[in-house]
1. Within region A:1-45, name every residue whose backbone N is under 20 Å away from a label modeled 7 Å from Cα of B:LYS92 along the Cβ vector.
2. Within region B:399-475, which GluC sites (Glu not before Pro) sit in a loop by DSSP and count at most 14 neighbouring Cβ atoms inside 10 Å?
3. Return the whole-Å distance between the Cα centroid of region B:396-410 and the Cα centroid of region A:383-447.
4. To the nearest 0.05, what FRET efficiency results for A:VAL167 and B:LYS99 with a Förster distance of 51 Å applied to their C-beta separation?
5. Looking at region A:354-435, which trypsin sites (Lys or Arg not before Pro) are DSSP coil and have at most 15 other C-beta atoms within 10 Å of their C-beta?
6. For region B:45-124 and region B:212-237, compute the distance between their C-alpha centroids and round to whole Å.
7. Enumerate the aspartates and glutamates that B:LYS103 could reach by cross-link, defined here as Cα to Cα under 14 Å, with residues fewer than 8 away along the same chain left out.
8. List A:ASP354, A:ASP209 from most exposed to least, where exposure is judged by having the fewest other Cβ atoms within 10 Å.
Amino acid sequence: MIDPQLATDVIRQAMAAGATGAECTLAEGEEFSASVRMRSLETLKEAGSRGAGLRVLIGRHTGSAYTSDLSLEGIRTMVSQAIQLAAITTEDAFAGLPDGDELGSLSGDLQLFESDVNALDTGFRIQQALDAEEAALAADPRITNSEGASFGAHTGQRVFANSLGFVGEYRTSSCSLSAMPVARQGDSMERDYWYSAARAFARLEKAGDIGRKAAQRTLRRLGSRKVATQKVPVIFDSQTSRSLLGSVFDAVDGDSVYRNASFLAGKLGEKVAADHVTIVDDGTIPGLFGTSPFDDEGVPSRRTVVIERGVLRSYLLNSYTARKLGMKTTGNAARGLTGNASVGHGNLYLEKGDRTPEEIIGGVRSGLYVTELIGSGVNIVTGDYSRGAAGLWIENGEFAYPVSEITVASTLQQMLTEMEYIGSDLEFRTATAAPTVLIREMTVSGS
Amino acid sequence: MPLADSFFGQKFGLTEGDLQSYLSEAMSAGGEYADLYFEYLATSSISIDESIIKSATQGVSLGVGVRVLSGERTGYAYSDDLSPEKIRHAAKVAACIAKGPAKVDKASLQEGQKRNLYPVITAPTETSLAERVALINRADAAARAYDARIFQVQASFVDNLRHVMVATSDGALSFDRQPMARLNVTALAREGNGVPQRAFHGGGGRIGMEFFQNEHSPEHFAKEAARQAIVQLQASPAPAGEMTVVLGPGWPGILLHEAVGHGLEADFNRKGVSAFSGRIGQQVASPLCTVIDDGTIQDRRGSLNVDDEGVTTQKNVLIENGVLKGYLSDRLSSRLLNTGVTGNGRRESYQHIPMPRMTNTYMLAGESDPADIIRSVPRGLYCASFAGGQVDITSGNFVFSASESYLIEDGKITRPVRGATLIGNGPEALKFVSMVGHDLKLDEGVGICGKEGQSVPVGVGIPTIKVDRMTVGGTAA
């Protein structure tokens, strides 16, 4: 454990060296991972590391430095580097810290650290991975190979202090279990995976369930084909619809908004999505991966409605982007150890609708059900969207055959306004969550 | 170089006796092989935004990774503290992977073959910050001066200097000093109140500051970013469906990285999970295609004197005249496959386990005139630049996203079209290569490759090529 006192010492040293403002982050982490493949142990990794970062302001000039050496000498070097760097930056009228009255920390137990993660012995952790892989291998004779299964555990501590007197710290824990089987049928070879991650071991999905689900997801891809180029309704399953929320986040990130590099810049109060689309960022929900007592500038996490029934209500901001836009921070500052803060999200989710995924699929005469997206073809500036996809073809409301080597394309503007149905299957597996969604029409490009 | 004169000998007082005792500790429970990877990394990053130098960051991270191999098993631990008790503890943790008697024969450490592919006397990280600030100021000014429609410019200079030392239980010892720098420029253009367009360009390598003096000047990178953003202002939606695709020279070589490179990494092939598994000796591309991975090109971003397992890098032929020749290997896979090492064992940092990775991957030049290639296409897409790509190595399906592309109509490049993702299947896509230009070009030095959560710098290159059939994922009919 790092003593938070170290952060206040760093701030004091920076102020003594001439800083007019300072922010210090300390982080410590311990990681463990065990991976198995074809029923035997393959890799064991275990280690820990620490780091410190400092950002100073001298007037409206900023400088930043970090170190993995927390000795007195390491810290002294970091402080003098940050001070020197502030001398080469230009005065930026918007540079600064949050206002003093914006600082604070959520009270109460946010359930970010669960001791059961540390209590598990190595043999048990390896067995979890073996059990997950075994369930995948045993699921079907067509599962002939495996890229393995792994169990991971991580615990960490984060401390933040600034020269306005804020000092806060919190600990986090997480564990994860995943399996990636390989299936073969004739010339077709496919892989897929399933995983579970949680802050407490007790909340992890069962190893056997993870393996079986991974096998089922892999098997349904066998014998996939390409379809003809056409415009059809496209359903994103709850795993891939999450990535659409990631794109919405990029577009409401204050940093893209103030520089006019987002298709949602200047659209506050306007209708940007279908009536039933409500997107919320909530960093306060206990036990989730997007939850924290304060952001990386010491501002309390909160709940912000980003899109309310189709109308853009708020951007996500840190103190810098808020000042640039003449607004207030939304407690969304993010950074590693040092540097000017960027913008991050808490638990960003699309509110669920009332149809089950089966009902949504059942209503499609001919269309695509997307289970995997690859590539980076999303342009936040223009909204242009074109990504590689794999999934299942739907005919008369039922899955007909698997498809791959195709792309799905549209614009994010159209996808948001043509989001016809939203499923009831909202589940918080990561810091972004979305149910199954149906987009009325996209271009599927194939043969 | 004697250990005592090396960076780690000088700075941390490490001796050969220390290294041998850590290796013995690592092999105390058996195992066939162990290594130590010491890393000291100094980084800096300066950026200009809205014509203001808004940020400047420097830092240091250091540590040691200890690895033990026992059959197919790997034990790994690391420490960010180089005190003897912490390193010994890491060695003890890594040793847990093996079960057997301690391996006792102690090899004396010998430094291997020495050469320097990046003889940079003063690395950018060691120069004055003012010099680097001047470069990004020039980039900002040049991008803005290019066209009045450029309304936002961001430029950054990012550099690092990495000192590494690898000691192995086989008795190999290697040192390397690895400089790296790149200049990045992003420009946003807008016509009146229209939709803005953004473009990026940049470059660098394992180079000194003189690299940025002539053809790689800040003005060059800035104008290229600005030019691409202005071109995009006129772009119409990209076409959809299968068509002939012509890739321009240089950075579009990312096709090779995604379509074949990852699928030829030995770990996937050892496990039989790659679409290329078991295909050595088979025709996997048109006879016009010869694909190389070469870690030995002077000054390049993907080059290394020794890989991150202390193996001397080399030039490896992956595909020769369309026939699959070999895989990219690391120590573990070459031991298990009984093949030679290829110098492709790489890792992101001391906190990571090495695995087979690409270095600089490119296709040899052919004989066609690039102008003839374009003239031969009645209707198709010409791609000049890309944003990134991804591959599923098991099915072999890969994508890469065009950031600057044009329609080809009646043998002529006509109008620009918006970004679109191209998709294909690795072992099939290159069979449709029907023309290869004589204009091989390597990229300008911005590539970052991600695999299993680890990022490493890489290079790519390609001449102009014509692919008769590829799926383009636009929206226009």
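1. What the label zone holds, given the 20 Å backbone N cut-off, is A:1, A:30-33, A:44-45.
2. Numbers: sites: B:GLU404, B:GLU409, B:GLU428, B:GLU444, B:GLU452; in loops: B:GLU444, B:GLU452.
Passing both the DSSP loop test and the Cβ count: B:GLU452.
3. One Cα centre to the other: 22 Å.
4. Numbers: r = 47 Å, r/R0 = 0.92.
The value I calculate is 0.60.
5. Loop-located and lightly packed - A:ARG365.
6. 38 Å
7. Candidates past the 8-residue exclusion: B:GLU25, B:GLU32, B:ASP35, B:ASP170.
8. Numbers: A:ASP354 10, A:ASP209 15.
The fewest-first ordering by Cβ neighbours comes to A:ASP354, A:ASP209.
We did not get these values from a lab; they are worked out from the coordinates using the rules stated. All values reported here derive from a predicted model rather than from experimental measurement. All Cβ positions, glycine included, derive from the backbone under ideal geometry; neighbour counts span all protein chains shown.
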